[in-house]
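The values are calculated or read from the model by the stated rules, or taken from the named source; none is laboratory data. What you see is a predicted model, and the numbers here were worked out from it, not measured in a lab. Cβ: placed from backbone, ideal geometry, glycine included. Neighbour counts: every protein chain shown.
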Amino acid sequence: HSITATQKTVDGPSMKDWRGGRAASFNIIPSSTGAAKAVGKVLPVLNGKLTGMSFRVPTVDVSVVDLTVKLEKEASYDDIKAAIKEESEGKLKGILG
């Protein structure tokens, strides 16, 4: 995600970890995220099944998700796209888009 107010404007020490001390305006900084835990709270069936990390990037506004899954049964790329489209127009409308 984009720069946040808690990030350094110039390189300096960080109480959290060495990456957190990098200047936000000039670096892509790997960081932790609470997004995976939040998804588990919204969709209890996924609770404890997700992990995540974030990259803080020097932009004003950006967000991306790189989702990797292990399927229980075989599915084609078109099957997966159709399932996501169906859910985004149904019970996950306004959430999944």
*Given (1) touching a Pro at 6+ places or on another chain (Cβ under 6 Å); (2) surrounded by 15 or more Cβ atoms within 10 Å (Cβ to Cβ), number of the condition Ser25 does not satisfy*: (2)
*Picking from Val45, Val39, Val57, which residue would you name as being in contact (Cβ under 8 Å) with a residue 12 or more places away in the chain and assigned by TED's automatic domain parsing to the domain that holds Lys8?*
Val57
*Qualifying positions in the range 46-75 - among the β-branched types (Val, Ile, Thr) and more than 30 Å from Ala24 (Cα to Cα)*: Val69
*Quick one: would you say Glu74 is free of Cβ contacts under 8 Å to residues at least 12 places away in the same chain and surrounded by 11 or more Cβ atoms within 10 Å (Cβ to Cβ)?*
no
_Long-range neighbours under 7 Å by Cβ, at least six apart or interchain, first residue under 19 Å from Asp66 (Cα atoms) within the range 84-97, second at pLDDT below 90 and not in a helix (DSSP H, G or I)_ = Ile84/Leu96; Glu87/Leu96; Ser88/Leu96; Ser88/Gly97
*Of (1) farther than 29 Å from Thr6 by Cα; (2) in contact (Cβ under 8 Å) with a residue 60 or more places away in the chain, Val62 satisfies all except one. Which?*
(1)
